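The values are calculated or read from the model by the stated rules, or taken from the named source; none is laboratory data. Note that this is a predicted model, so its numbers are computed, not measured. Here Cβ is always computed from backbone atoms with ideal geometry, including for glycine, and neighbour counts include all displayed protein chains. Areas reflect the complete protein model, heavy atoms only, side chains present, ligands, DNA and RNA absent. Shrake-Rupley method; radii C 1.70, N 1.55, O 1.52, S 1.80 Å.
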Amino acid sequence: MKIICIGRNYAKHAAELNNPIPQEPVVFLKPDTAILLKKHPFFIPEHSNEVHHEIEVVVKINRLGKHIEPRFAHKYYDEIGLGIDFTARDVQARCKEKGLPWEKAKAFDGSAAVSRFFKLKDLKKPITDIDFHLDINGKTVQKGNTKNMLFPVDELIAHVSKYFTLKTGDLIFTGTPAGVGQVHRDDLLELHLEGERIFYFNVK
Ligand code: ZN
């Protein structure tokens, strides 16, 4: 199983990090060891002093596919969840400065927190209109709707499947809206999908 992540998929988030609006999806990967184990806290890794939260809609792939056309992409998923793409922003800044890859900043153990998954047909909402938000210690810090994606989910699937064969169980982190910020020890993170809290855990 692999985790495919999309960067800069919401204009306001690209702007808050002084990144340009991308002309095509920004893609990176996390290994399966990045998944935060169920019922475990997130431990801030020793190699960073500035880990940021990025709440994202996560799409679970349900069949094998390569070179998928946008109009067929909806056949390759029927469940979504929410995740946090934890990012060591200080490490990432050093990588970007030197033009180096991002993995040490983005793909470390525990850097992919993922909720349980929900059938889109049960949510009764199209993939292009999903509300989500992140509360930290009871205060909303990030709020998004998938309608604001620069590249919608079906286009992302078409794009990434040109490069990577998608397999059942693969996850796509679809990018974060504005409001990213640092997490601190003892923070409580609560992820909400369509107004309902579906996942929560602590930072240690
Ligand atoms: Zn992200």
Problem - Residue in segment 43-87 that is farthest from the ligand (Cβ to nearest atom), counting only those that are free of Cβ contacts under 8 Å to residues at least 24 places away in the same chain and not aromatic (Phe, Trp, Tyr) - result: Lys75
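State all residues of segment 93-105 that are within 16 Å of the ligand (Cβ to nearest atom), assigned to a helix (DSSP H, G or I) and either open to solvent by 10 Å² or more (accessible area, probe 1.4 Å) or out of contact with any strand residue (DSSP E or B) (no Cβ under 9 Å at 6 or more places or on another chain) (or both); if no residue qualifies, say none.
Within segment 93-105, Ala93, Cys95, Lys96, Glu103, Lys104 meet the criteria.
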Fill in the blank from the handout: The lone condition Leu156 fails out of (1) under 18 Å from Lys30 (Cβ atoms); (2) within 16 Å of the ligand (Cβ to nearest atom); (3) part of a loop (DSSP other than H, G, I, E, B) is (3)
Problem - Index of the failed condition, Ile21 passing every other in (1) hydrophobic (A, V, I, L, M, F, W, C); (2) surrounded by 19 or more Cβ atoms within 10 Å (Cβ to Cβ); (3) not in a strand (DSSP E or B) - result: (2)
Exercise for the section: Please go through segment 71-92 and pick out each residue that is out of contact with any helix residue (DSSP H, G or I) (no Cβ under 8 Å at 6 or more places or on another chain), surrounded by fewer than 22 Cβ atoms within 10 Å (Cβ to Cβ) and assigned to a strand (DSSP E or B). Expected result: Gly81
Handout entry: Residue in segment 172-181 that is touching a residue at least 40 places away in the same chain (Cβ under 8 Å), touching a Phe, Trp or Tyr at 6+ places or on another chain (Cβ under 8 Å) and more than 16 Å from the ligand (Cβ to nearest atom) present
Key = no
Problem - Selected residue (criterion: most open to solvent (accessible area, probe 1.4 Å)) from residues of segment 37-61 that are assigned to a strand (DSSP E or B) and either touching a helix residue (DSSP H, G or I) at 6+ places or on another chain (Cβ under 6 Å) or farther than 17 Å from His184 by Cβ (or both) - result: Lys60
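If a residue must be open to solvent by 10 Å² or more (accessible area, probe 1.4 Å), part of a loop (DSSP other than H, G, I, E, B) and closer than 16 Å to Ile6 by Cβ, how many such residues does segment 159-170 contain?
Pass one, segment 159-170, residues open to solvent by 10 Å² or more (accessible area, probe 1.4 Å): 159, 162-165, 167-169.
Subsequent filtering for residues that are part of a loop (DSSP other than H, G, I, E, B) retains 164-165, 167-169.
Subsequent filtering for residues that are closer than 16 Å to Ile6 by Cβ retains 164.
Of the residues in that region, 1 qualify.
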Handout entry: Residue match in segment 5-21 (condition: within 15 Å of the ligand (Cβ to nearest atom), among the β-branched types (Val, Ile, Thr) and touching a Pro at 6+ places or on another chain (Cβ under 6 Å))
Key = yes
Exercise for the section: Select from segment 27-36 the residues that are touching a residue at least 60 places away in the same chain (Cβ under 8 Å) and exposed (fewer than 14 other Cβ atoms within 10 Å of the Cβ) and list them in ascending order. Expected result: Thr33
Practice task
Hey, can you tell me all the residues within segment 182-204 that are away from the ligand (no atom under 16 Å from the Cβ), over 24 Å from Lys121 (Cα atoms), part of a strand (DSSP E or B) and out of contact with any Pro (no Cβ under 7 Å at 6 or more places or on another chain)?
Solution key: Leu188
Handout entry: Selection count where residues are among the aromatic types (Phe, Trp, Tyr) and farther than 28 Å from Thr168 by Cα, scope segment 4-49
Key = 1
Exercise for the section: Mind listing just one residue for me: the one in segment 106-143 that is hydroxyl-bearing (Ser, Thr, Tyr) and either in a loop (DSSP other than H, G, I, E, B) or in contact (Cβ under 8 Å) with a residue 24 or more places away in the chain (or both) and, of those, surrounded by the most Cβ atoms within 10 Å (Cβ to Cβ)? Expected result: Ser111
